[in-house]
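First comes the structure, then the notes that go with it.
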Amino acid sequence: MLLLFSGSYDGTVDRIVLSYGDDVFRFNYDLWQDYDLSFTERGWTIRNPEEREITSESVTAAYWWKAFAFFTQDDKYVRAEVKYTLRDIYGWCQIRGVAKGNSIDFHNKLGKMTILGLAREYFSVPDTLVTFRKFNASRLEGSQVVAKSLASELSDSKGALMTTQVNVAEIDPSFPWYLQSKIDSAWDVTVFFCNGHSFPFRRSRVGLTGLDWRADQNVEMLVEEWEPMALGSTFANKILNLSNKLGVEFGRYDFMTVGDTDELVFLEFNANGQWVFLDPFDKYGLLDCVTNWLRSS
């Protein structure tokens, strides 16, 4: 039985559960108080409100989707204890080789700069700098530069930093900065990777209100904003080789084209690998690939 950790309001998991069939147990961590759970050094049992159970004996795979993306307003101590317990169960599955996907803290171990360094073996990468107190930032002065967020966390005032063009000479040295050469591009390109298969898509940058396509994303997914594209076997092999080097079998790789050309520049790897927005109407086989991967041993 597949143990699927998620939040209760997640359309991606709804699709996976429908596609996977009856042999799946969904644990909605924001509703943790609805579940009975027992965990000893010998094993564990979880029971849902419908009296359905999954145990350390019956689990065949365990998969995280957006680990703790949303949670209840419990006391901080209580949330930490719940999270620790669920991480421990997932760790139990990892040790026994039945965990699927990437580690919950993947980007805490392999950050964006480390991944960029590995990607340089296979793809062109932009000139990139992480700097405290603007150390070495002068190397980027005089060129077009964008600032991004490393951790994608909100500020205390609930603000988010999306890709924004900056003047390096004027940035505040009291902040940490993640800076990258600006790429003038006609297309955003993303490649969903799952179980050895690559699914490349592109989205035109015409009409974007800013530099970051996410600011214009249709969150209701009522239209196809991305179109499938062909990148060839050589490119697919590079994706596969980089995935092997990263130790991943699931995720999404982001690129941009250079101007109106077909040349691609690597931007980053997304370990969580959101994919439904690429194939909202299940036309291109992404859902089937994910479901088959979760079933595989």
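Taken over the stretch 284-294, the criterion of being over 21 Å from residue 254 (Cα atoms) and either open to solvent by less than 20 Å² (accessible area, probe 1.4 Å) or of a type in the set (Lys, Arg) (or both) is satisfied by 291, 293, 294. Residue 56: in contact with a Phe, Trp or Tyr (Cβ under 6 Å, 6 or more places away or on another chain) and either open to solvent by less than 30 Å² (accessible area, probe 1.4 Å) or under 20 Å from residue 100 (Cβ atoms) (or both), yes or no? Yes: the conditions hold for residue 56.
Annotation: of all residues in the stretch 132-147 being open to solvent by less than 40 Å² (accessible area, probe 1.4 Å) and over 26 Å from residue 246 (Cβ atoms), the one that is modelled with the lowest pLDDT is 140.
Give me the residue from the stretch 15-36 that is charged (D, E, K, R) and more than 16 Å from residue 292 (Cα to Cα) and, out of that set, least open to solvent (accessible area, probe 1.4 Å). The residue in question is 30. Scoring residue 164 on the criteria (1) assigned by TED's automatic domain parsing to the domain that holds residue 271; (2) at pLDDT below 95 leaves a single failure, condition (1). Which residue is nearest to the chain's Cα centre (by Cα), if the candidates are limited to the stretch 80-102 and must be free of Cβ contacts under 8 Å to residues at least 12 places away in the same chain and open to solvent by less than 70 Å² (accessible area, probe 1.4 Å)? Filtering the stretch 80-102 for residues that are free of Cβ contacts under 8 Å to residues at least 12 places away in the same chain and open to solvent by less than 70 Å² (accessible area, probe 1.4 Å), the one nearest to the chain's Cα centre (by Cα) comes out as 91.
Per the listing 161, 154, 129, 150, the residue uniquely of a type outside the set (Gly, Ala, Ser) and open to solvent by less than 60 Å² (accessible area, probe 1.4 Å) is 129.
Residue 190 falls short of the stated requirement of being more than 23 Å from the chain's Cα centre (by Cα) and either assigned by TED's automatic domain parsing to the domain that holds residue 241 or surrounded by 12 or more Cβ atoms within 10 Å (Cβ to Cβ) (or both). Test residue 220 against the criterion of being open to solvent by 30 Å² or more (accessible area, probe 1.4 Å), outside the structural domain of residue 96 (by TED's automatic domain parsing) and modelled with pLDDT of 85 or more, and give yes or no. So residue 220 does not fit the description; no.
Criterion applied to 67, 61 was being touching a Lys or Arg at 6+ places or on another chain (Cβ under 7 Å) and not charged (D, E, K, R), and the one residue passing it is 61.
Cβ contacts < 7 Å: first residue among the charged types (D, E, K, R), restricted to the stretch 48-66; second residue open to solvent by 20 Å² or more (accessible area, probe 1.4 Å) and part of a strand (DSSP E or B), any location; separation 6+ or different chain. Result? Short answer, once both residue conditions are applied: 53/45; 53/47. Checking each residue of the stretch 54-72 against the condition of being within 23 Å of the chain's Cα centre (by Cα) and more than 26 Å from residue 291 (Cβ to Cβ) gives at least one match.
Does the stretch 109-128 contain any residue that is part of a helix (DSSP H, G or I), farther than 25 Å from residue 296 by Cα, modelled with pLDDT under 95 and basic (Lys, Arg)? Among the residues of the stretch 109-128, at least one is part of a helix (DSSP H, G or I), farther than 25 Å from residue 296 by Cα, modelled with pLDDT under 95 and basic (Lys, Arg), which makes the answer yes.
Within the stretch 34-52, the presence of a residue that is of a type in the set (Phe, Trp, Tyr) and under 21 Å from residue 271 (Cα atoms) is excluded.
The values are calculated or read from the model by the stated rules, or taken from the named source; none is laboratory data. All figures in this text were calculated on a predicted structure; none of them were measured in a lab. Backbone-built Cβ (ideal geometry, glycine too); neighbour counts: all protein chains shown. With ligands, DNA and RNA removed, areas are computed over all heavy atoms of the protein, side chains included. Shrake-Rupley method; radii C 1.70, N 1.55, O 1.52, S 1.80 Å.
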